[in-house]
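Structure first, commentary second.
Rule-based calculations on the coordinates, nothing more; no lab input. These figures come from a predicted structure and were not determined experimentally. Note that we place each Cβ from the backbone using ideal geometry, even for glycine, and neighbour counts take in every protein chain shown.
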Amino acid sequence: MEPILRVEDLRVYYKSIFGDVRSVDGVSFSVNPNEVFGIAGESGCGKSTLVEGILRVIVPPAYIRSGRIVFKNTDLISLGEEELRKMRWKELSYIPQGSMNSLNPVLRIEEQMMDAMISHTEISKQEAKEAALSGLKEVGLPVEVARMYPHELSGGMKQRVIIATSVLLKPSLIVADEPVTALDVVVQKGILQSIASLRDRHGITVIFVAHDLAAHAEIVDSLVIMYAGRIAEIGSIFDVFGDPLHPYSKLLVAAVPSMEKDVVEGIPGLAPSPLDWPPGCRFHPRCPYATPICSKEEPAFKAVRQGRYAACHLLE
Amino acid sequence: MGEPLLEVRNVTKDYTIGGGLGLTERKIIRAVDKVSFTISGEKPTISALVGQSGSGKSTIARMILGLLEPTSGGILYQGKDTRLWLKKEKKAYRRNVQVIFQDPYGIYNPFYRVDRVLFKAVKKFGLASSNDEAHNIVIESMRAMGLRPEDLLGRYPHQISGGERQRLMLVRILLIKPKLVIADEPVSMIDVSLRSIFLNNLQGLKNRIKMSCVYITHDLNIAHYVSDDIMVLCHGRMVETGETKSVVRDPLHPYTQNLVNAIPIPDPKKRWKDTVEIKGATFEELRAEQGCIYSHRCPHVMPMCKSEIPPLAEIKPGRKAACFLYSEVIEATKPK
């Protein structure tokens with residue numbers, strides 16, 4: 001199967017007076033069409049910077065240092081602003097972190113939804129309005145919401161409006177960055193299921209970023225575990241949960257409290273700073289299995305077995 | 001058996017909104033509606049207070065701490081009203097009832113070193129007679145919580161992680177040795193990998209200094225992990241209480257059932273099989289004066305649910321719920 005998105009050795013840095021902050025530092029993966037692709041990791045590991053880089057929504061001081069982002073045979077990095085603008089919403093949609101706060105407080109919901117459509121396609125006002133209403137219904141919102149202002153809606157309802165807007169122009173890829181953080185469990189379940197249904201009903205590929213592994217376990221097909229600007233492990237969700245290869249994934253999966261575990265252990269130590277990543281394997285200062293080579297040589301990121309990639313010296 | 005450690009008796013809290021400059025309509029929002037519970041304190045327990053956002057959890061915490069006054073009802077600590085404590089013996093109350101807030105960033109002054117919160121406590125409550133002794137007990141307490149004093153003493157808040165900042169609060173509690181700790185969502189802002197360390201520390205502390213804890217959270221996975229008892233709030237009313245494991249295994253109230261059902265299980269082999277139906281409800285419906293607070297969303301709603309408020313009653317030994325589905329059980333056990 002031809003992947004819909006291929007990221008090759010992507011580096012996204014932030015310029016600072018202390019030198020480059022290497023937030024995303026050599027990341028490669030490919031996303032297959034029609035899957036929910038999860039990205040997990042601790043805060044500061046580069047998840048959000050990675051997806052911002054892929055969609056090229058990064059703003060200075062961040063910049064793309066090197067790498068390739070190939071989306072359906074187009075290199076997104078070489079595209080100009082105008083060409084990119086044309087692709088947005090129609091091909092690529094983005095649900096940014098805390099996006100429920102990105103609604104314009106002085107416009108009615110339908111006006112905002114119609115705006116997105118009218119500026120990107122040749123569509124009449126009437127058609128746009130109808131599309132907005134059916135979009136709202138699809139995410140389980142009553143049509144009255146269309147005439148409301150953002151302050152009249154709850155956080156979960158606003159998040160649904162954003163999801164509805166992001167699918168209006170039937171993009172092939174939607175990137176959702178922490179869409180369920182700060183929502184209640186019941187609302188969270190509803191939103192996660194709406195996201196999963198984007199793929200099931202519209203065949204949209206979804207990149208789903210969240211720090212909560214339990215949320216990943218519910219809807220994701222393939223999972224990337226990031227650590228310190230790099231990928232620790234990639235595999236199907238069943239493999240990563242059932243038989244994690246990288247010590248970091250092992251500890252992370254074990255650190256999630258659940259109804260079925262009586263004792264969970266955390267991962268001691270601190271996530272390192274992107275200004276000064278540890279030498280060798282970036283996880284070695286916290287890794288219980290570290291050997292002398294781990295502090296000297298950076299492990300290569302490679303296929304360990306069919307469909308499974310990891311970067312760890314122990315897997316050599 | 002003496003006085004319970006903490007007794008919350010029929011507490012109601014109303015907030016008034018609007019009415020500013022006479023431009024908008026004045027409205028009263030009932031954040032907490034006749035809530036009662038006790039923490040016996042006979043043996044150290046962690047009681048989780050669970051509910052969705054806006055259910056009144058934090059309002060209850062603030063009232064226990066004396067940061068808010070209840071509109072009606074009273075909160076008794078060791079049999080004496082908290083208002084009296086705060087008037088007459090404020091220092092003793094503050095020492096015995098401690099708090100851990102949600103935001104591990106907000107409580108530290110960025111211009112002072114983090115250990116100031118520890119040394120201040122030592123000084124304020126006279127825990128050490130000399131500077132050397134103060135230094136020693138601080139170091140000892142940090143080690144007891146699994147923290148490395150050499151990494152943390154003299155550091156500024158931005159130099160340490162959120163998890164460490166929250167664990168320093170536990171060190172402070174170990175120093176002060178309060179009888180009751182109110183923890184308001186202490187791990188919601190820290191990373192998953194560091195959460196369990198905090199939670200394990202908290203449990204260790206419970207047995208070590210024999211304290212009880214009211215643990216406020218919206219996350220049932222965490223409540224289940226850390227607590228002995230659970231109290232479920234729904235829009236300001238208590239709908240179910242009981243021993244944690246038993247409530248999660250077999251929730252009685254339809255609201256609790258809905259909550260437990262929505263918990264994501266961190267195992268891709270056990271995904272949700274049902275889908276949630278989202279029914280929007282207006283604010284007025286949510287704050288219905290009459291009837292059960294959950295009646296507009298309850299799948300088992302009966303006519304009486306719309307007109308009468310179900311009382312919180314014992315359904316099984318140690319298990320209480322406020323739901324008319326169990327009226328027969330309640331009737332049968334009523335003393336004739």
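In this rough spin-label picture, where each label sits 7 Å from Cα along the Cβ direction, the A:SER124-B:ARG26 distance is 5.2 nm. The slack between B:ARG62 and B:ARG143, meaning 0.36 nm per residue of separation minus the straight C-alpha distance, is 26.1 nm. Relative contact order of the stretch A:102-169: 41 percent, from C-alpha pairs under 8 Å at least 6 residues apart in sequence. Mean partner shielding of peptide A:270-280, defined as the number of other chain Cβ atoms within 10 Å of each residue Cβ, is 1. Straight-line cross-link partners of A:LYS129 among the aspartates and glutamates, defined as a Cα under 16 Å from its Cα and at least 8 positions apart when in the same chain: A:GLU110, A:GLU111, A:ASP115, A:GLU138, A:GLU144. Give A:LYS137/B:LYS27; A:LYS137/A:LYS189; A:LYS15/A:LYS47; A:LYS170/A:LYS250; B:LYS13/B:LYS123; B:LYS245/B:LYS269 a once-over and call out the pairs whose C-alpha atoms are over 28 Å from each other. Distance filter (> 28 Å) returns A:LYS137/B:LYS27; A:LYS170/A:LYS250; B:LYS13/B:LYS123. Taking a sphere under 12 Å around the Cβ of A:TYR14 and counting the other residues whose Cβ falls inside, with K and R at +1 and D and E at -1, yields a net charge of +1. Cα-based values for chain B, radius of gyration first and Dmax second, are 21.6, 69 Å.
For chain A, the Cα gyration tensor yields ellipsoid semi-axes of 35, 22, 18 Å (square root of five times each eigenvalue, largest first, whole Å). The GluC sites (Glu not before Pro) of the stretch B:1-88 that meet both conditions, a loop assignment by DSSP and at most 11 other Cβ atoms within 10 Å of the site Cβ, are B:GLU25, B:GLU42.
What does the C-alpha gyration tensor say about the overall shape of the stretch B:187-274? Classify as rounded when a/c is under 1.5, otherwise prolate if a/b is larger than b/c, or oblate. Because a/c hits 1.5 or more and a/b fails to exceed b/c, the stretch B:187-274 counts as oblate. Relative to the longest principal axis of the Cα atoms of chain A, the long axis of helix A:125-138 lies at roughly 50 degrees. Dividing the mean sequence gap of close Cα pairs (under 8 Å, 6+ apart) by how many residues the stretch A:159-258 holds gives a relative contact order of 21 percent. In terms of surrounding Cβ atoms within a 10 Å radius of their Cβ, A:TRP277, A:TRP89 rank from fewest to most as A:TRP277, A:TRP89. Projected over all directions and averaged, the alpha-carbon convex hull of the protein assembly as shown occupies 33.5 nm².
Stretched out straight at 0.36 nm per residue, the stretch from A:LEU315 to A:LYS90 would grow longer than its current Cα-Cα span by 76.8 nm. A Förster radius of 51 Å combined with the Cβ-Cβ distance from B:LYS273 to A:SER78 puts the calculated FRET efficiency at roughly 0.65.
Rounded if a/c is under 1.5, else prolate if a/b beats b/c, else oblate: with a ≥ b ≥ c from the C-alpha gyration tensor eigenvalues square-rooted, which is the stretch A:252-316? Taking the square roots of the gyration eigenvalues as a ≥ b ≥ c, the stretch A:252-316 is oblate. Rounding to the nearest 10 and keeping the result within 0 to 90°, find how far the Cα-based axis of helix B:162-176 lies from the longest principal axis of chain B. So the inclination is approximately 80 degrees.
The modelled label-to-label distance between B:ARG9 and A:MET1, using points 7 Å beyond Cα along the C-beta direction, is 6.5 nm. Helical content alone sets the calculated 222 nm signal of chain B at -10000 deg cm²/dmol, taking -39,500 (n - 2.57) per DSSP H segment of four or more residues and averaging over every residue. So which of A:LYS72/B:LYS270; A:LYS86/A:LYS302; B:LYS57/B:LYS210 end up more than 27 Å apart, counting from Cα to Cα? Beyond 27 Å between Cα atoms: A:LYS72/B:LYS270; A:LYS86/A:LYS302. Applying 1/(1 + (r/R0)^6) with r as the Cβ-Cβ distance of A:VAL57 and B:TYR156 and R0 = 30 angstrom yields a FRET efficiency of 0.35. Taking the number of Cβ atoms within 10 Å of each Cβ as an exposure proxy, the fewest-first ranking of A:SER93, B:SER246 is B:SER246, A:SER93. If you look at the Cα atoms of the stretch A:102-169, you get an Rg and a Dmax of 10.7, 32 Å. The length gained on full extension between B:SER327 and B:ASP250, counted as 0.36 nm times the residue separation minus their Cα-Cα distance, comes to 25.9 nm. Can you classify the stretch B:163-238 as rounded, prolate or oblate using the Cα gyration tensor, where a ≥ b ≥ c are the square roots of its eigenvalues, rounded means a/c under 1.5, and otherwise it's prolate if a/b beats b/c and oblate if not? Taking the square roots of the gyration eigenvalues as a ≥ b ≥ c, the stretch B:163-238 is oblate. If you plug the beta carbon distance of B:TYR105 and B:LYS177 into 1/(1 + (r/R0)^6) with R0 = 35 Å, you get a FRET efficiency near 0.85. The share of Cα pairs per 5 Å bin across the stretch B:59-192, counted from zero up to the longest distance, runs 2, 10, 19, 19, 20, 14, 10, 5, 2, 0 percent. Here the contact order of the stretch A:200-307, divided by its residue count and restricted to Cα pairs under 8 Å and six or more residues apart, works out to 19 percent.
Springs join every pair of Cα atoms under 10 Å in this Gaussian network model of chain B, and among B:LYS90, B:LYS206, B:LYS320 the largest mean-square fluctuation is at B:LYS90. Reducing the stretch A:1-69 and the stretch A:125-187 to their Cα centroids gives an inter-centroid distance of 26 Å. Expressed to the nearest 5 percent, the antiparallel share of DSSP beta bridges inside chain A is 60 percent. Projecting label points 7 angstrom from Cα along Cα→Cβ for A:MET259 and B:SER40 puts them 2.7 nm apart. The order of A:CYS294, B:CYS213, going from fewest to most other C-beta atoms within 10 Å of their C-beta, is A:CYS294, B:CYS213. Semi-axis lengths, largest first, of the ellipsoid equivalent to the stretch A:132-193 are 17, 17, 10 Å, with √(5λ) applied to each eigenvalue of the Cα gyration tensor.
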